[in-house]
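The values are calculated or read from the model by the stated rules, or taken from the named source; none is laboratory data. The shown structure was predicted, so the numbers you read here are calculated from the model rather than taken from an experiment. Glycine gets a Cβ as well: all are built from the backbone with ideal geometry, and neighbour counts include every protein chain shown. Remember, those area values only see protein heavy atoms, side chains included, never the ligands or the DNA or RNA. Shrake-Rupley method; radii C 1.70, N 1.55, O 1.52, S 1.80 Å.
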Amino acid sequence: GAEELLAELKRRGKTVALTTSKPKTFAEKILSHFGIEKYFDFIGGATLDGKISTKEQVLQSVFAETHAAPADCVLIGDRFYDIEGAHRAGMKCIAVLVGYGSREEFEEHHADFICETLWDVLKYI
């Protein structure tokens with residue numbers, strides 16, 4: 001359901017950015033492989049030289065490049081790294097139970113919202 005959610009976000013006029021602590025070049029290849037790069041307005045990722053490596057650093061670099069305000073953004077993630085990175089960067093995090101994280105993990109790290117499915121994300125956007 002990820003592609004359908006991305007398409008719906010774009011249909012609603014939302015700006016969609018990928019922020020990953022994986023190297024940006026690999027993220028671009030993965031998105032292209034699955035044919036979903038068209039849904040992203042911006043792709044942010046770690047640098048191969050290690051200067052940008054954490055979720056918070058990636059988010060800060062995306063804010064710097066896009067001039068987006070953290071308070072106007074929300075991160076959708078599936079691990080505590082996403083929650084911690086979002087909060088350190090000054091934004092909210094929607095944790096989704098379709099990835100690797102658990103409800104307990106999300107509660108322990110104080111996710112702003114916890115969704116059972118990807119479609120539940122739309123309730124908070």
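Quick one: ranking F80, F34 by accessible area, 1.4 Å probe, largest first, what do you get? Write down the numbers at each step before the final one.
Details: F80 50, F34 135 Å².
Ranking F80, F34 by accessible area, largest first, yields F34, F80.
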*Mind listing the long-range amide H neighbours of K22? Cut-off is under 5 Å, sequence gap 5 or more, other chains count too, H placed in the peptide plane at 1.01 Å from N.*
A46
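Report the calculated FRET efficiency for A2 and K123 (r = Cβ-Cβ distance, R0 = 25 Å), to the nearest 0.05. Intermediate results must be reported in sequence, preceding the final value.
Numbers: r = 17 Å, r/R0 = 0.68.
Efficiency at R0 = 25 Å is approximately 0.90.
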*Between V98 and E28, 0.36 nm times their residue separation minus their Cα-Cα distance comes to what?*
23.0 nm
*Could you please state how large a percent of the accessible area of the chain is carbon and sulfur, counting protein chains only and using a 1.4 Å probe?*
52 percent
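So, for the chain, what is the accessible surface per residue at a probe of 1.4 Å, expressed in square angstrom? All intermediate terms of the calculation are to be shown ahead of the outcome.
Numbers: 7400 Å² over 125 residues.
Result: 59 Å² per residue.
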*asked:* Of the candidates E37, E65, E28, which one comes out as most mobile in a Gaussian network treatment of the chain with C-alpha springs shorter than 10 Å?
replied: E65
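Determine the shape class of the chain: with a ≥ b ≥ c the square roots of the Cα gyration tensor eigenvalues, call it rounded for a/c under 1.5, and otherwise prolate if a/b is greater than b/c, oblate otherwise.
Details: a/c = 1.39, a/b = 1.11, b/c = 1.26.
Verdict is rounded for the chain.
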